[in-house]
Amino acid sequence: MAISVSDIQSLYSNTSTYLSEVNNKYKESVNYYKGRNLISRTGSLTNIEQAKQQADDAKKDKRDPIRKANNRVSSNFYQILVDQEAGYLATNDPSIDVGDDELNQKIKMVLGDSLALTMQNLIIDVSNAGVGWIHYWIDSNGNFKYGIVTPEQVYPIYADNLENEVVAVERVYQVLNTDPKSSKTYNTIIEYWDDTTCTSYVVDNNATFSPYNQFDIVDVSTNETSGVGNVFEHGLGRVPFIKFRKNMYEKPELDKVKGTIDVYDKVYNGFANDLQDIQQTLMVLKGYGGVNLDEFMDALRTYKAIKVDTDGDVDQLQIEIPVEARQTMLEITKQKIFDEGQGIDPDKFMDNGALSGKAIKGLYAHLDLKATTTEKNFRQGLGALIRAILRYLNVKDWETRNVSQTWIKNAIQDELERAQALQALGPYMSEWSIARANPFVDDVDAELEHLADEKINADGYSNQKAIDKAADGADE
């Protein structure tokens, strides 16, 4: 049912803090994913942080005149960790089976070619925020559509039970303001979705809420558009937003590794600064007999020598770099990042040469554990999306029908070992299991169709051969 202006104002007021916190966490994770770690964001720090940074730099310059380099390069470990899981878990489309081959094909058609890409992007979103959302709808042509809504836009409202059922969703987002009289660049749109309707409002310059008329009003008797309004009856039977969690506590993946990545960045950039500064040598002159520093530099360039008084001397100030300690710290910190982030250090594959299947499994152990947890959380969300499609396809038992999911993980494998094991176990496995386990098969359903066609052709050939043989015997 439509929500009133006073109720939407109260809801927005009570949820703005939550949405702001989610937005802050999400933006910080996205910064690290895009390689904008804390160390490289000097210009985007708060005023207090900038003042502290400037004061630290000023002190550094005064107490150590030969340290001028100030490198601020971000490492990309976080992006590697997130992409590893997304690629490992969702490179292949999850296989969906509802117990009816014809219905399976219809579901596959509705899902389209972008399911794997959507799942990959959703894993990245969920890793960055701890939670993600898919919104589905029926377009103007009557086609079922679905897409990702970024997590900072969505506030879920749950039923008062242990199942945590989402009974409504508040979606807050911004659109470009086209009003030339307004000083605002963007308008804030607030939508309230329940199981039957969507009601939308816009907030103006004075924080006043008013209906946001974005939906066509259709005359049922003539099926013609008679205007626009702010209430839309979607007819989907449920709140068309599906929640996907990363873990039980909905924590972003960045929380695991941010501190260690920041340490690595500091050590690495400190090392780079020292290497850059070591090229500078300062001379300390004692009892110099020249007139000024310009004369000193001219004599040094021309004669490769300088003149000093009887008790004079020249010393050099240079930076001493603890190379071994820095290298050790970088190695330890890097290993800690991949351990805490449950990922695979790519260098491990390079260092070990040709790896056996057992060694590869060992390298994938932590990543597989993380991905398995993500998969279990995603199964519930993907199942809800499939049931929404079943309802769209007018399947009577859409709520109770069994939905089977097979997630095919993508890992570097010893394909020879897999093929040998498959050959040995083949006589005891179904054709579906053999096709699924075959390392050279990407689409299990397509492979089974090819096998069926080949069997029909082979049987037809055998039958025709028998008929021809019988005919030859009759002629004799």
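The values are calculated or read from the model by the stated rules, or taken from the named source; none is laboratory data. Source: prediction; values computed, not measured. Don't worry about glycine lacking a Cβ; one is built from the backbone with ideal geometry, like all the others, and counts go over all protein chains shown. What goes into the accessible areas is simple: the full protein's heavy atoms, side chains included, and nothing from ligands, DNA or RNA. Shrake-Rupley method; radii C 1.70, N 1.55, O 1.52, S 1.80 Å.
Residue pairs whose Cβ atoms lie under 7 Å apart, separated by 6 or more positions or on different chains, with the first residue in the stretch 89-108 and in a strand (DSSP E or B) and the second open to solvent by 30 Å² or more (accessible area, probe 1.4 Å) and not aliphatic (A, V, I, L, M), are ASP97/SER404.
Reported count of residues in the stretch 78-96, each being surrounded by fewer than 18 Cβ atoms within 10 Å (Cβ to Cβ) and touching a strand residue (DSSP E or B) at 6+ places or on another chain (Cβ under 6 Å), is 1.
Figure legend. Inter-residue proximity from the stretch 391-408: first residues modelled with pLDDT of 95 or more, second residues part of a loop (DSSP other than H, G, I, E, B), beta-carbon distance below 6 Å, spacing 6+ or different chains. Indicated pairs: ARG391/TRP398. Each residue in the stretch 106-134 was checked for being open to solvent by 40 Å² or more (accessible area, probe 1.4 Å) and either in contact with an Asp or Glu (Cβ under 8 Å, 6 or more places away or on another chain) or not polar (S, T, N, Q) (or both), and 5 of them qualify.
Taking the conditions (1) over 21 Å from the mean Cα position of the chain (by Cα); (2) hydrophobic (A, V, I, L, M, F, W, C); (3) assigned to a helix (DSSP H, G or I) in turn, VAL82 satisfies each one other than (1).
Within the stretch 125-134, being farther than 18 Å from PRO240 by Cα and touching a strand residue (DSSP E or B) at 6+ places or on another chain (Cβ under 9 Å) holds for ASP125, VAL126, GLY130. Only one entry in ASP442, ASP459, ASP453 is open to solvent by 60 Å² or more (accessible area, probe 1.4 Å), at pLDDT below 90, out of contact with any helix residue (DSSP H, G or I) (no Cβ under 8 Å at 6 or more places or on another chain) and not in a helix (DSSP H, G or I), namely ASP442. Beta carbons closer than 8 Å, at least 6 apart along the sequence or on distinct chains, pair a first residue in the stretch 1-20 that is closer than 17 Å to ASN230 by Cα with a second that is assigned to a helix (DSSP H, G or I) for ILE3/LEU11. Looking only at the stretch 135-194, which residues are open to solvent by 90 Å² or more (accessible area, probe 1.4 Å) and closer than 23 Å to LYS243 by Cβ? The answer is TRP137, ASP160, LEU162, GLU163, ASN164, GLU165, GLN174.
Note on the stretch 24-44: among residues that are open to solvent by 40 Å² or more (accessible area, probe 1.4 Å) and closer than 25 Å to ILE190 by Cβ, the one that is farthest from the chain's Cα centre (by Cα) is ASN24. Residue by residue through the stretch 236-263, note down the ones that are of a type outside the set (D, E, K, R) and surrounded by 22 or more Cβ atoms within 10 Å (Cβ to Cβ). Correct list: ILE242, PHE244, PRO252, LEU254, VAL257, ILE261. Among the residues examined, ALA421 does not qualify as at pLDDT below 90, surrounded by fewer than 14 Cβ atoms within 10 Å (Cβ to Cβ) and under 24 Å from PHE244 (Cα atoms).
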